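Peer 1: I am attaching a structure below and will ask some questions about it afterwards.
The values are calculated or read from the model by the stated rules, or taken from the named source; none is laboratory data. Owing to the predicted nature of the structure, the values given are computational and were not obtained by experimental measurement. Cβ sites come from the backbone with ideal geometry, for glycine too, and all protein chains shown count toward neighbours. Side chains included, ligands, DNA and RNA excluded: accessible areas come from the protein's heavy atoms. Shrake-Rupley method; radii C 1.70, N 1.55, O 1.52, S 1.80 Å.
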Amino acid sequence: MKGVLSLIFILNIGFVYAENTIIAEVNNSLITYESLENTLLSAKSNGQKIDVINQKIDNILQLQKVKDFNLEPSKKDINLKLLSIAKSNNISLEQLRSYPKFLSLKSEVSEKISILNLQRYITKGITIDENEAFNVCSKKVSNIIKQIKIAQIIISEVEDQDDQDIAIKSFLNKLSKHISKGASFKGFAKLYSQHSSYANGGITDWIEVNNKTIKMLDSLKKNEVSQIYLNDFGFAIGIKLEERFVSSNLKQCTEKLIYLNAEKFYSNWIEELREQAYIKIYHDAL
């Protein structure tokens, strides 16, 4: 009997030792076999095991940066995600909390939100040149739409006038006549337009030609001033500056290109983190 007990004791010691074996170091953090046991057991080769460990190393490096940049998720963010998980499984949050591995789930949720916060923080300035997006996305097979860029002078109020509509239209007509005789539309926009675009000479972003007013503006000849029209900010006059034909999915395509740029930038940033970090994998422990 003593022999049997001794054998069980030895086997248990071996099992506990395997669970707590250190398989990697990352800066001042340790990775134990136990922390990755389920994933490592499902790995079909030593190469896959190394991939699992490297993913864990990347996560630790990212979470260390989360602390450095103070990007930890709030309790509210974590609880909202847990509530979403509960709803997707048709149970209450209280029922989810009774789940035996709830603390592990909560920790996993916290880590994922933390890394998402870090990704957004690191890639927040990533964009793509407008011309590059236009050239790439216009080659995609889709419906073609027309866009124009215009400059506007928008007036919403004329001081000390009882009939504002008449006063505004009269003022815009005067400006229109001066512009038709050679005055600078953009210069007048900077002086008189009451819309925030005045600082840029009244120039807009690209606008899709999809309503009566925009079609009227699209029909203008070079340097021709439009008739007075009403928009969301007041009465206005405008001139047509440019036109182009683009893919109907230009916005979605541009967003995808920005995402791919951000993804590549972040991946390179992670590689730099690894190069600067102390990393050691104990291959013999696998």
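Peer 1: Does residue 226 qualify as being closer than 24 Å to residue 130 by Cβ, in contact with a strand residue (DSSP E or B) (Cβ under 9 Å, 6 or more places away or on another chain), among the small types (Gly, Ala, Ser) and in contact (Cβ under 8 Å) with a residue 12 or more places away in the chain?
Peer 2: no
Peer 1: Still on this structure, please answer the following. For the range 67-77, which residues satisfy the criterion of being surrounded by 12 or more Cβ atoms within 10 Å (Cβ to Cβ) and either free of Cβ contacts under 8 Å to residues at least 40 places away in the same chain or more than 30 Å from residue 29 (Cβ to Cβ) (or both)?
Peer 2: 77
Peer 1: Restricting attention to the range 123-131, does a residue exist that is part of a helix (DSSP H, G or I), open to solvent by less than 90 Å² (accessible area, probe 1.4 Å) and at pLDDT 90 or above?
Peer 2: Yes, the range 123-131 contains a residue that is part of a helix (DSSP H, G or I), open to solvent by less than 90 Å² (accessible area, probe 1.4 Å) and at pLDDT 90 or above.
Peer 1: Still on this structure, I have one more. Of all residues in the range 239-286, how many are among the charged types (D, E, K, R) and over 30 Å from residue 224 (Cβ atoms)?
Peer 2: Adding up the residues that qualify gives 10.
Peer 1: Please work out which residue is least open to solvent (accessible area, probe 1.4 Å), limiting yourself to the range 163-182 and to residues that are closer than 24 Å to residue 243 by Cβ and small (Gly, Ala, Ser).
Peer 2: Ranking the candidates gives 176 first.
Peer 1: If you take the residues in the range 183-201 that are aromatic (Phe, Trp, Tyr) and farther than 17 Å from residue 231 by Cα, which one is least open to solvent (accessible area, probe 1.4 Å)?
Peer 2: Out of the qualifying residues, it is 185.
Peer 1: If you go through the range 135-155 one residue at a time, do you hit one that is surrounded by 14 or more Cβ atoms within 10 Å (Cβ to Cβ) and out of contact with any strand residue (DSSP E or B) (no Cβ under 7 Å at 6 or more places or on another chain)?
Peer 2: Yes, because at least one residue in the range 135-155 is surrounded by 14 or more Cβ atoms within 10 Å (Cβ to Cβ) and out of contact with any strand residue (DSSP E or B) (no Cβ under 7 Å at 6 or more places or on another chain).
Peer 1: Taking residue 236, is it among the small types (Gly, Ala, Ser), farther than 28 Å from residue 258 by Cβ, open to solvent by less than 40 Å² (accessible area, probe 1.4 Å) and at pLDDT 90 or above?
Peer 2: For residue 236, the condition - among the small types (Gly, Ala, Ser), farther than 28 Å from residue 258 by Cβ, open to solvent by less than 40 Å² (accessible area, probe 1.4 Å) and at pLDDT 90 or above - is met.
Peer 1: Please enumerate the residues belonging to the range 78-107 that are open to solvent by less than 90 Å² (accessible area, probe 1.4 Å) and either among the aromatic types (Phe, Trp, Tyr) or closer than 23 Å to residue 59 by Cβ (or both).
Peer 2: 78, 79, 82, 84, 85, 102, 104, 105, 106, 107
Peer 1: How many residues, within the range 210-220, are over 17 Å from residue 153 (Cβ atoms) and surrounded by 15 or more Cβ atoms within 10 Å (Cβ to Cβ)?
Peer 2: Within the range 210-220, residues that are over 17 Å from residue 153 (Cβ atoms) and surrounded by 15 or more Cβ atoms within 10 Å (Cβ to Cβ) number 1.
Peer 1: Taking only the range 169-178 into account, find how many residues are touching a strand residue (DSSP E or B) at 6+ places or on another chain (Cβ under 7 Å) and under 16 Å from residue 191 (Cβ atoms).
Peer 2: So the answer is 4.
Peer 1: Might you let me know whether the range 31-50 holds any residue that is open to solvent by less than 40 Å² (accessible area, probe 1.4 Å), farther than 20 Å from residue 107 by Cβ, at pLDDT below 90 and not charged (D, E, K, R)?
Peer 2: Scanning the range 31-50, I find at least one residue that is open to solvent by less than 40 Å² (accessible area, probe 1.4 Å), farther than 20 Å from residue 107 by Cβ, at pLDDT below 90 and not charged (D, E, K, R), so the answer is yes.
Peer 1: Checking the structure you have, find out if any residue of the range 251-268 is of a type outside the set (S, T, N, Q), closer than 19 Å to residue 147 by Cβ, open to solvent by less than 30 Å² (accessible area, probe 1.4 Å) and out of contact with any helix residue (DSSP H, G or I) (no Cβ under 8 Å at 6 or more places or on another chain).
Peer 2: Checking the range 251-268: not a single residue is of a type outside the set (S, T, N, Q), closer than 19 Å to residue 147 by Cβ, open to solvent by less than 30 Å² (accessible area, probe 1.4 Å) and out of contact with any helix residue (DSSP H, G or I) (no Cβ under 8 Å at 6 or more places or on another chain).
Peer 1: Say whether the condition of being among the aliphatic types (A, V, I, L, M), closer than 26 Å to residue 258 by Cα and in contact with a helix residue (DSSP H, G or I) (Cβ under 6 Å, 6 or more places away or on another chain) is met by at least one residue in the range 79-87.
Peer 2: no
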